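What follows is a single structure, written as structure tokens, with notes after it.
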Amino acid sequence: MALKNTERVLESWSRESQETGIYDRNIAAGYCQYATALMMSNKLIQAEENLRVALSILSQLENKELASSHKLVLGYNLWLQGRLDDAEAILKDGLAIRVAAFGENDTYSYKSGAYHAALGNVELARGNFSEAQRLHEYAKNQYEKTHGKHHPGTADIYHIVARHRIREEKFDEAL
């Protein structure tokens, strides 16, 4: 259902963009939303294509930070495809945009933490457990600062950090 709905919305916005000649953050968001629905349907290649269209549109705009959310989704997509080097490159690029806009330990939003979590997933997939853990710990701390301790996103990263503790057989710390 989500796939069909986002596809219809994107088709409508695409027609409007073609008629007006305006390609802005709204049409880019439409491509990203459709890509997310495609990813949920395990259509990763098609999702990647739509994310790259969104990023192409956003590259024409002055506010480069707008692209950082879409690069995060593309990074997750590439990670799911097993393209770890590509995922790492796009995630590091998106994180650099956020650092330039908001500083190294940004508390403007959760996205810096989300980038670190995604990079941690890449390192975990490579078997680099200590680096994955470092990145996931950073993400946890950043989520606590931006979301608070009782947000579902923070709970997700707590679960990931707990898995690191279990792997190390530090069961008391995993609780």
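May I ask you to list the residues in the range 22-35 that are assigned to a helix (DSSP H, G or I) and either surrounded by 19 or more Cβ atoms within 10 Å (Cβ to Cβ) or of a type in the set (D, E, K, R) (or both)?
Just the residues of the range 22-35 that are assigned to a helix (DSSP H, G or I), to begin with: 25-35.
If the condition is that a residue be assigned to a helix (DSSP H, G or I) and either surrounded by 19 or more Cβ atoms within 10 Å (Cβ to Cβ) or of a type in the set (D, E, K, R) (or both), then ARG25, ILE27, ALA28, ALA29, GLY30, TYR31, CYS32, GLN33, TYR34, ALA35 are the ones that fit.
Looking at TYR108, TYR76, TYR138, which one is modelled with pLDDT of 95 or more and either over 22 Å from LEU51 (Cβ atoms) or touching a Pro at 6+ places or on another chain (Cβ under 6 Å) (or both)?
Sole residue among the options that is modelled with pLDDT of 95 or more and either over 22 Å from LEU51 (Cβ atoms) or touching a Pro at 6+ places or on another chain (Cβ under 6 Å) (or both): TYR138.
Any idea how many residues of the range 104-122 are part of a helix (DSSP H, G or I) and of a type in the set (Ser, Thr, Tyr)?
Of the residues in that region, 2 qualify.
Under the condition of being in a helix (DSSP H, G or I) and small (Gly, Ala, Ser), which residue from the range 146-175 is farthest from the chain's Cα centre (by Cα)? So that I can check it myself, show each step before the final result.
Filtering the range 146-175 for residues in a helix (DSSP H, G or I) gives 146, 152-167, 171-174.
Subset that is small (Gly, Ala, Ser): 153, 155, 162, 174.
Details: GLY153: 13, ALA155: 17, ALA162: 21, ALA174: 25 Å.
Taking the candidates together, the pick is ALA174.
Counting only residues that are in contact with a helix residue (DSSP H, G or I) (Cβ under 9 Å, 6 or more places away or on another chain) and exposed (fewer than 12 other Cβ atoms within 10 Å of the Cβ), which one in the range 2-21 is farthest from SER59 (Cα to Cα)?
In this case the residue turns out to be LYS4.
So if I check each of ALA101, ALA125, ALA139, which one is within 22 Å of ALA47 (Cα to Cα), among the small types (Gly, Ala, Ser) and in a helix (DSSP H, G or I)?
ALA125
Could you check how many residues of the range 57-113 are among the aromatic types (Phe, Trp, Tyr) and surrounded by fewer than 18 Cβ atoms within 10 Å (Cβ to Cβ)?
Matching residues across the range 57-113 total 2.
Results for (1) modelled with pLDDT of 95 or more; (2) basic (Lys, Arg); (3) under 13 Å from the mean Cα position of the chain (by Cα), shown as yes or no for each residue.
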{"position": "VAL53", "(1), (2), (3)": "yes, no, no"}
{"position": "ILE57", "(1), (2), (3)": "no, no, no"}
{"position": "ALA87", "(1), (2), (3)": "yes, no, yes"}
{"position": "ALA101", "(1), (2), (3)": "no, no, no"}
{"position": "LEU119", "(1), (2), (3)": "yes, no, yes"}
{"position": "ALA125", "(1), (2), (3)": "yes, no, no"}
{"position": "PHE129", "(1), (2), (3)": "yes, no, no"}
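Across the range 115-141, what is the total count of residues that are over 14 Å from GLY82 (Cα atoms), touching a Leu at 6+ places or on another chain (Cβ under 6 Å) and of a type in the set (A, V, I, L, M, F, W, C)?
Number of matching residues: 2.
The values are calculated or read from the model by the stated rules, or taken from the named source; none is laboratory data. The model shown is predicted, which means the values in this text are computed figures rather than measured ones. So basically every Cβ, Gly included, is an ideal-geometry build from the backbone, and we count neighbours across all protein chains shown.
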